[in-house]
Structures are given as structure tokens and as C-alpha cells.
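**Q** Sharing a structure, written as C-alpha cells. Questions coming.
The values are calculated or read from the model by the stated rules, or taken from the named source; none is laboratory data. What you see is a predicted model; the values in this text were computed from it and never measured. Cβ placement follows ideal geometry from the backbone for every residue including glycine, while neighbour counts extend to all protein chains displayed. Protein only, heavy atoms only, side chains kept; ligands, DNA and RNA dropped before computing areas. Shrake-Rupley method; radii C 1.70, N 1.55, O 1.52, S 1.80 Å.
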Amino acid sequence: MRILEHVLKMALSTPVSFSSNGEYCMYSSPDGVLKVYDTSTSKISQQYTPSSHLTATCTCLSWGPKRPSAKTPKKKKKRKSLSDDSAEQEKNDIVAIGTSSGNILLYSIVKADIQSQLDKGHSESVNDLCWDENQGYLYSCSNDHNVIQWDVSTANVRHKWKADKGSVHSMCLCSSNHLLTAGRSIKLWNVETKELLKTFTGHKTEIFRLLPLPLSADASDSPENMYFLSAAQNDRIINAWQINTSSSDKNSITSFSLPEEPTLLDVCQQSTEQVVMLCAVTRSGQVVIFEHKLNGRLKKPLKPKVLLQVSTSGAKDSLPLPIPILAAQICDQDILIVHGNFLKPTFERVRYNSADPVQCLIREDPRKVSLQTDRSLSKIQTPDVSKDSTVLVPGLMAPSGPSQEPGRRSKRKPSITDMSMEERLNAISVDHPSHPTREPPQADTLARLLTQGLQSQDKKLINNVLMQASEKVVQNTVRKLPIQAIIPLVQELSSRMHTHAQSSSKILRWIKTLLTIHTSYLMTFPDMVENLSTLYQMMDSRTMMFNKLSRLQGKLDLVLSQVTAQDQPEVETESLEQPLLMYQEESSDEDFGLDDFAPTQSDTEDNVDLFDDIEEMDKTPDQQNGDEEEKNSDDDEMEDSPMENGDEEMESE
């Protein structure tokens, strides 16, 4: 994921700048190579590769001010020569190049080489550059919180001061002695005294662009009543400010509303009624044009007057595709735009119609335009291939010599000196080993199979190769791939990531290995930004809910464990223990079984019988006879009662 983010960031932040007259356009590729395009022919006029283009890449560009040509005495008219052209180019031939290491390079268009280098100033990356057209000074700001005023003639630091607590991202010169710098807030400085005059607030993110608008006649000497524009990252609002040091108001006077975040801005003042014309390039590749006269404060943001875009015509079976606009500059009444990609850009001057709010230019798809070369002028000759040789395509294997046809014998007999030691020993030995038959080499490596599958669009063959789970096999296959198969493989992997999620783990291994090995090559293709950005958005959306789902899973596990604990019956530990002795009370009907084992008389009954014997001894003989008769009658009644009870039970049954 980090590699993917780095590739996208490098591809989206490539610096590009037009000359003041719109004749040239300088562009720095992600690998640090400087290219100067001629806007009239859309061809590369110059190309320069700095010695430290990989370690200190270009971060910003700024064309130098126009220099007046030296006055020469009038002579006879003669034919215009190349020296005259170079003299005209020297009016605007210096380009300041800020690097990520903190150094500043001054490139000469006439010499096509680095003229001088400004170093020992910044310790971190240079973010913006600004020229003083009157005095020839150069201002620079960096991530080290400092602003430096350079003397270009001596390549030395003239003044240096700390302009912010954080990084300084943008700057512009609003007068000869006043400078505007921007980090998260905008500050107005007096260059001579290094005094902070005023601070403007209104953006929540880093401000990457400041543009001055000198509408008053005395704006070159004093910043009062001067206007300037500001644009911030991830903000689709462009604010307009008015400088008034005597007022305590820090808010903007008006704002311009864009449909998307702007990437490049250009502004100019029309001669009639001081109308400001603003041109902004959005992140999706559209140009938005505003026309407004700054004459007071507005409550609502202004909407664009014209929306300009470029697209293909489209065929019967396909829809029109948008062609991104990379940069734009206002040139008089026209707008100079560059669309397509910087590998083969197309420069075009467009005159828009303010009455039509949406204008679409139909152009050819730059991806389908092929370079036509004259074969008669080509110096490349096709080599003669022997009929005896075996050719395998694509040619990834080392070339082998021609093999003999089976059955044909060589006329020359091999001598002993031509034989190897093994062949000599085999010839001397009695048991001659059987010689294996020679077979042609097999072209079945994974790199070759993958290349053939990408060329023939064979999904089954590609699927067999991409399903390899060994990381070592994947790395060796990616290293052996030809350069022509890298871009189709990225497109195939990106399309497969949007299909089934079961094979995503294996596809991610291929993507990680491909980005790790071929990152420098992929950074040279701005067209890959679209594929990689959709892939990054898809991966980000899939992993965005992972943390929330993990927390939800933990909560659900906690709730389910509590529910299952409540549903289970409570088992007492006492019930599980078996008693040593248990007494069970039974009914009266079953007491007869226990009477046999119980004692017949207790101690109290014995005592009662003893007292009865004493009483009988005290009684008279007549009383004893009466007691015996009563006892006999009681015994008869007890004998009759069980019988009666038994008869009643029989009758009830």
C-alpha cells in the first residue's frame, strides 16, 4: 500500500510551467528528467538529465523575467540568422528549478545546460520560487520554515528569515518591497525590515498557490488596495483578498467555487474595466474559467462562466472517453491547453465562447495514435536467419547455434583433441553408455507463458500462471518479464482485483512484487495513474471497515457468551455429592415390615410395667379380680376390631 501511495503521489505532483509568452513549456518527469516542449509543434525542443535527478528530483519551476535585449546601432538590413533567434530567446531564457534536496538550479534555454546552482541555503525540499522582475532577485521557500532572498548574479544568499512555524508552501511578490508567504495562513512581509505587517486566515489546509493582481497604478511601490488569490489543498474554493494594512479584517472579500479541487491556476487582467479572468485546471482534467470585476465584498461564492473539457468521439460500440487536460495558460484572448499525457502531449490554443457554459472538444484518443515511420529511411536491417536454426518466440532465451538435421553426418571426423575427457573415457571403456537423444529446448517457463497469455488475451493461460503461490517463483517470473509486458500485466492485475475476492491474496502478491521491482519504470507512465488510483481506492474501500468489523465481532462474541451462560441451568454443587446415609419416611401401611426389626419395648415401657406390678400388689383380691375381667373384655374387643375392618375393606372392594 505504501509503494502504491508513493507512485500516485509522484505521478500527480509533477511540476509543469509555461513561459510568459506561451512559446515553451517545461515539464519535469517523475524520474527528474527535464523536458522543454515547443507549444507550436508539440515536440520536445530540449531534454536535460541532471546528475542528481534520482536523489534530488524537481519540486517546482519558475520562468525568469524578461530581460531587455542590448541596444545595437542600426545597420543595413540583412537576413535573419540563428544568432538573432538566440538573442530573442535570451529575453526569457532562465528557468529556476527547485529540488527536493534544498538546492536551486538555474537552467539556460539557450545553452541547454545548467548555468549556475544556488546551494547552502535550504536544508529541506524547496516548495515555491518567485522572481523580482525589477531587481533580478530570486525568492524561495522551503519545508525548513525559512524564506531566502538570492542574488542570482553572485549565487549567494542576500537575506534569510523564518517565515512560519511550519512549512512554507507558496509565495508571491506583491510589490517591490513586500512579499506574501503562505503555509496554513497568509502573511505579508516587508522585505527590507523583515517585519510582519498582516496575517490573513481563511483556509483549513496548506495553501499551495498565491497569485497577485495589481489593479492599482501605484501597486509596484505599495501593497495597499492590491488584490491576490489563494488556493489550498483538498479545497474547491479559491479566495480573493484585498491588502489593507490599516484594517483589522482578515477575511477574504469574495470566493470562486469550483466543481473539484484545482491543481493549476492562471490569472490575467483584461484591459476593459479591470475585469479579472481566472483559469483553473481541476483534478479530473477540466478547465474552469471565471470572469469577474473585483469592486467589493460578495456574500455568495462565484460560479464558473465556462467549463471546458476534451473527450474522444466514441464509436458505435463504445462511449466517448474523457481526455484529461494537464495544464493551461491564458494567452491574450485564447487559452493554451495541453491534454493527453506528457509522453506525447498535445498543445492547442482554444478560443472559448462565454455564451456557452459547457464546451467539449472532440479529439482523437492519444492512446490509439501510433507513430508512423518511413521504412525506407530506417537504418535497421533484419538479420538473415539460417534454415537449420530453431526459433522460439518470444525471444527471451539466449540464442543457440544451428543444430544438425537428424540423419545427416558431418563430413569432418572429430579428432582426439576436439573430444572432451569424458568422451575419451567413454570411447576407451568397454560398456558404452547409451547416448540420450537431443531434444529442442522447451519454451514453457512462467515468464514466457505469461507473456504469451498477455499477447493473445488467453485468460486460461494467464490464470494458470497467476495462481502460483510460491513467492520465490513470483519474484523470478516478474524479473524475467520483458518491459513490453509490464503495462499489460498491471492492467490485467487491476481488472482481476475488481472481480472475485477469493484470489485476491495471490493477485496482491503479484502486484506487490511488480511494484517493488518495476517502480521506477511505472513512474515514467502518467497513464498508469488512472489504473493505480482505481486499484488504490478499491483496496482502501475494502479495508476501511476492517477495524469497525473487528470491534463489532468482539461485541457480538461478548453478547453471545452472556446469552449462552444465561440459558444453561444452574447446577448446584451440593446435589452432585452423594450422602453417606439417607433416611426415607414411608407410609403407615408399610410399617409392618419394620416392626420385625424394631425392639418390642422401650425403657419407658419397662418402667410402666414395674409401676403396674407395684400397684397390683397394693390392691385387694377383689380389686384384682375386677381388673382381670376388664382386661379380658378389652382383649376380646381388639380381636374383633381387625376382623370388622377386614370385612369393611372386602365390601368396599
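**Q** Which of the residues spanning the stretch 30-45 are assigned to a loop (DSSP other than H, G, I, E, B), under 12 Å from P345 (Cβ atoms) and out of contact with any strand residue (DSSP E or B) (no Cβ under 6 Å at 6 or more places or on another chain)? It would help to see each step written out before you state the result.
**A** We begin by selecting, within the stretch 30-45, every residue assigned to a loop (DSSP other than H, G, I, E, B); these are 30-33, 39-42.
If we keep only those that are under 12 Å from P345 (Cβ atoms) too, we end up with 39, 41-42.
If the condition is that a residue be assigned to a loop (DSSP other than H, G, I, E, B), under 12 Å from P345 (Cβ atoms) and out of contact with any strand residue (DSSP E or B) (no Cβ under 6 Å at 6 or more places or on another chain), then T41 is the only one that fits.
**Q** Further question on the same structure: Spot the failing condition for S494; the list is (1) within 30 Å of A327 (Cα to Cα); (2) surrounded by fewer than 15 Cβ atoms within 10 Å (Cβ to Cβ), and only one is missed.
**A** Single failed check for S494: (2).
**Q** Still on this model: Please determine, by comparing only the residues of the stretch 101-115 that are free of Cβ contacts under 8 Å to residues at least 40 places away in the same chain and open to solvent by 30 Å² or more (accessible area, probe 1.4 Å), which one is farthest from S45 (Cα to Cα). Please lay out each step first, then the result.
**A** First pass over the stretch 101-115, keeping only residues free of Cβ contacts under 8 Å to residues at least 40 places away in the same chain: 108, 110-111, 115.
With the extra rule that they be open to solvent by 30 Å² or more (accessible area, probe 1.4 Å), the set shrinks to 110-111, 115.
Values: V110: 11, K111: 12, Q115: 18 Å.
It comes out as Q115.
**Q** Consider the stretch 521-548. How many of its residues are surrounded by 11 or more Cβ atoms within 10 Å (Cβ to Cβ) and either at positive phi or assigned to a helix (DSSP H, G or I) (or both)?
**A** 15
**Q** Within the stretch 262-272, is there a residue that is assigned to a loop (DSSP other than H, G, I, E, B), β-branched (V, I, T), under 29 Å from Q135 (Cα atoms) and modelled with pLDDT under 90?
**A** Applying the first criterion (assigned to a loop (DSSP other than H, G, I, E, B)) to the stretch 262-272 yields 270-272.
Subset that is β-branched (V, I, T): 272.
Retained after the next criterion (residues that are under 29 Å from Q135 (Cα atoms)): none.
Within the stretch 262-272, none of the residues are assigned to a loop (DSSP other than H, G, I, E, B), β-branched (V, I, T), under 29 Å from Q135 (Cα atoms) and modelled with pLDDT under 90.
**Q** Restricting to the stretch 1-18, and then to whatever is modelled with pLDDT under 90 and polar (S, T, N, Q), can you tell me which residue is nearest to R542 (Cα to Cα)? Working first, answer last.
**A** Residues of the stretch 1-18 that are modelled with pLDDT under 90, as a first pass: 1-15.
So of that shortlist, the ones also polar (S, T, N, Q) come out as 13-14.
On the way: S13: 26, T14: 29 Å.
Filtering first and then ranking leaves S13.
**Q** State whether one or more residues within the stretch 78-100 are modelled with pLDDT of 90 or more, assigned to a loop (DSSP other than H, G, I, E, B) and open to solvent by less than 80 Å² (accessible area, probe 1.4 Å).
**A** yes
**Q** In contact with a Leu (Cβ under 7 Å, 6 or more places away or on another chain), closer than 16 Å to V95 by Cα and modelled with pLDDT of 90 or more: does that describe S28?
**A** Values: in contact with a Leu (Cβ under 7 Å, 6 or more places away or on another chain): yes; closer than 16 Å to V95 by Cα: yes; modelled with pLDDT of 90 or more: yes.
Spelling it out, S28 is indeed in contact with a Leu (Cβ under 7 Å, 6 or more places away or on another chain), closer than 16 Å to V95 by Cα and modelled with pLDDT of 90 or more.
**Q** In addition: Among D540, D444, which is among the charged types (D, E, K, R), at pLDDT below 80 and within 17 Å of the chain's Cα centre (by Cα)?
**A** Working: D444 fails: within 17 Å of the chain's Cα centre (by Cα).
That would be D540, the only listed residue that is among the charged types (D, E, K, R), at pLDDT below 80 and within 17 Å of the chain's Cα centre (by Cα).
**Q** Further, regarding this structure: On the basis of being more than 19 Å from L211 (Cβ to Cβ) and open to solvent by 30 Å² or more (accessible area, probe 1.4 Å), does P320 make the cut? Don't jump to the end; show me each part of the working.
**A** Numbers: more than 19 Å from L211 (Cβ to Cβ): yes; open to solvent by 30 Å² or more (accessible area, probe 1.4 Å): yes.
So P320 passes the test.
**Q** With S153, S185, S175 as the choices, which residue is farther than 16 Å from L61 by Cα, open to solvent by less than 30 Å² (accessible area, probe 1.4 Å) and modelled with pLDDT under 90? Break it down into steps so the answer makes sense when it comes.
**A** Details: S153 fails: open to solvent by less than 30 Å² (accessible area, probe 1.4 Å); S185 fails: modelled with pLDDT under 90.
On inspection, the qualifying residue turns out to be S175.
**Q** Among the listed residues I289, I335, I330, identify the single one that is touching a Cys at 6+ places or on another chain (Cβ under 7 Å), aliphatic (A, V, I, L, M), crowded, with 21+ Cβ neighbours inside 10 Å and not in a loop (DSSP other than H, G, I, E, B). Let's see the steps before the verdict.
**A** Working: I289 fails: crowded, with 21+ Cβ neighbours inside 10 Å; I330 fails: crowded, with 21+ Cβ neighbours inside 10 Å.
Answer to the check: I335.
**Q** So which pairs qualify, if the first residue must be in the stretch 42-64 and closer than 23 Å to V152 by Cβ, the second must be among the small types (G, A, S) and surrounded by fewer than 16 Cβ atoms within 10 Å (Cβ to Cβ), the Cβ gap must be under 9 Å, and the two must be at least 6 apart or on different chains?
**A** Q46/A112; Y48/A112; T59/S13; W63/S20; G64/G136
**Q** In the same structural domain as P526 (by the TED database), open to solvent by 70 Å² or more (accessible area, probe 1.4 Å) and modelled with pLDDT of 80 or more, is that true of K506?
**A** Numbers: in the same structural domain as P526 (by the TED database): yes; open to solvent by 70 Å² or more (accessible area, probe 1.4 Å): no; modelled with pLDDT of 80 or more: yes.
Criteria not met by K506.
**Q** When only residues in the stretch 241-261 that are part of a loop (DSSP other than H, G, I, E, B) and among the small types (G, A, S) count, which is nearest to I330 (Cα to Cα)?
**A** We begin by selecting, within the stretch 241-261, every residue part of a loop (DSSP other than H, G, I, E, B); these are 243-253, 258-261.
Applying the additional criterion that residues be among the small types (G, A, S) yields 246-248, 252.
Details: S246: 34, S247: 33, S248: 34, S252: 24 Å.
Per the criteria, the residue is S252.
**Q** Another question about this same structure. Is it the case that some residue within the stretch 197-211 is in contact with a Gly (Cβ under 6 Å, 6 or more places away or on another chain) and not in a strand (DSSP E or B)? I'd like the intermediate steps shown before the answer.
**A** Taking the stretch 197-211 first, the residues in contact with a Gly (Cβ under 6 Å, 6 or more places away or on another chain) are none.
No.
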